Amino acid sequence: SRTHALPAAADLAADGAASRARRVPILLLFDREDCPYCERALREYLVPMSGEAPWRDDALMRQVEADRELPLAGFDGRATTHAALAARYGVTLTPTVLVVDGAGAPLAEPVVGLLTADFYGAYLEEALRTGLAKLRR
């Protein structure tokens, strides 16, 4: 397991309810075991962002292990797994960041790969801001 991690996706139905109540997007980070770029994305960007304003309050961040059959409750409350969720969203490359609403519908373009490290933080912020704006208009 990683030194730097977001809370693991466990009950997306509950997260969805919180997202709707607070009108905040859910950020899903799709990770896999052997992924140095995932480690770097978490350490340098996602974990710090998750603990600081504004995203500490204005987003729910969850980690999904795309290559593992870890159990979770999906947005519909049904039992599924991390790997099945990744497949449902068509995630093949990691890290992939998806910003979704309380029903799991995408709110912004996915951020796939670490891309240009210089701009990665800006891409994440943009996806989150886009999602937040859609939920609050």
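Values quoted throughout were computed directly from the atomic coordinates according to the rules given, and no laboratory measurement underlies them. Note that the structure is a prediction, hence the values are computed from the model and not measured. Cβ placement follows ideal geometry from the backbone for every residue including glycine, while neighbour counts extend to all protein chains displayed.
Here are some notes:
Residues are listed down the side, and each one gets a yes or a no for (1) polar (S, T, N, Q); (2) surrounded by fewer than 17 Cβ atoms within 10 Å (Cβ to Cβ); (3) under 21 Å from Pro48 (Cβ atoms):
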{"residue": "Arg88", "(1), (2), (3)": "no, yes, no"}
{"residue": "Thr94", "(1), (2), (3)": "yes, no, yes"}
{"residue": "Gly102", "(1), (2), (3)": "no, no, no"}
{"residue": "Glu109", "(1), (2), (3)": "no, yes, no"}
{"residue": "Phe119", "(1), (2), (3)": "no, yes, yes"}
{"residue": "Leu124", "(1), (2), (3)": "no, no, yes"}
{"residue": "Arg136", "(1), (2), (3)": "no, yes, no"}
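- Filtering the range 94-137 to residues that are more than 14 Å from the chain's Cα centre (by Cα), over 17 Å from Leu46 (Cα atoms) and not in a helix (DSSP H, G or I) leaves only Arg137.
- Residue that is of a type outside the set (A, V, I, L, M, F, W, C) and over 19 Å from Val112 (Cβ atoms), where the choices are Asp31, Asp57: Asp57
- Selection of the range 104-119 for residues being in contact with a helix residue (DSSP H, G or I) (Cβ under 6 Å, 6 or more places away or on another chain) and more than 15 Å from Val64 (Cα to Cα) yields Leu107, Ala108, Leu114.
- Selected residue (criterion: farthest from Ser19 (Cα to Cα)) from residues of the range 35-82 that are in contact with a Ser or Thr (Cβ under 7 Å, 6 or more places away or on another chain) and small (Gly, Ala, Ser): Ala66
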